[in-house]
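Peer 1: Let me give you the structure first, and then I'll get to my questions.
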Amino acid sequence: MINNPYELAMNISGILDNKKAENITILKVDHLTSITDYFVIASGRSAQAVHTLYEEVTDKLAEKNVFPRRNDGVRDSRWIVLDYASVIVHLFHPEERQFYNIERLWNDGTNVVEFVSVEEQAK
């Protein structure tokens, strides 16, 4: 059972990390907007990889009876957005991530949440 937004954001980040997502970033944005508490942002190496990340997140969370309210971008798989209410997930193709650079828009210098990947933990 996932009980709070922080736990959901960390759970999603872990799923993405296990599926080899790149550049996973968690931003706490509840003080900047009323639409959500966290953004989880990650990249896949290709449109197919982005689509695979989408499938993995939605499948793993569905096993825990957690479903997105809506999603967008699945067809092209260049920028997929999953809306889990308290957490919004942005899955990017590297070119779109660089172009839109949403971290720059939403990072206020104090709201990056630490996430340590499995590879970093092993070091």
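Every number here is computed from the coordinates shown, using simple stated rules; none is lab data. All values derive from a computational prediction rather than experimental measurement. Here the Cβ positions follow ideal geometry from the backbone for every residue, glycine too, while neighbour counts run over all protein chains shown.
Peer 1: Near the amide H of residue 20, under 5 Å away, which other amide H atoms are found, from residues 5 or more places off or on another chain, if H is placed in the peptide plane?
Peer 2: Excluding prolines and chain starts, which carry no amide H, there are no hits.
Peer 1: Filter the GluC sites (Glu not before Pro) in the range 1-105 down to the DSSP loop ones having no more than 10 other Cβ atoms within 10 Å, then list what survives.
Peer 2: Passing both the DSSP loop test and the Cβ count: 63.
Peer 1: Can you classify the range 7-58 as rounded, prolate or oblate using the Cα gyration tensor, where a ≥ b ≥ c are the square roots of its eigenvalues, rounded means a/c under 1.5, and otherwise it's prolate if a/b beats b/c and oblate if not?
Peer 2: Taking the square roots of the gyration eigenvalues as a ≥ b ≥ c, the range 7-58 is prolate.
Peer 1: Ok, one more. What distance in nm separates the simple spin-label points at residue 111 and residue 98, each placed 7 Å from Cα in the Cβ direction?
Peer 2: My value for the distance between the label points is 2.6 nm.
Peer 1: Follow-up question, since we're still on this one. Only one of the values [x] 14.3; [y] 14.9; [z] 15.7 was calculated from this structure for Kirkwood radius over Cα pairs in Å; name its label.
Peer 2: Label of the calculated value: [x].
Peer 1: Which of 19, 64, 28 ends up with the largest GNM mean-square fluctuation for the chain, with Cα atoms connected below 10 Å?
Peer 2: Largest GNM mean-square fluctuation: 64.
Peer 1: Amide H of residue 84 versus every other amide H placed in the peptide plane: which residues, excluding those fewer than 5 positions away on the same chain, fall under 5 Å?
Peer 2: So residue 84 has HN proximity to 69, 89.
Peer 1: Continuing with this model, one more query. Tell me, what is the percent relative contact order of the chain, built from C-alpha pairs under 8 Å that lie six or more residues apart?
Peer 2: Relative CO of the chain lands at 28 percent.
Peer 1: Just grab the label-to-label distance for residue 72 and residue 46, each label 7 Å out from Cα along the Cβ direction, in nm (one decimal).
Peer 2: The modelled label-to-label distance comes out at 2.7 nm.
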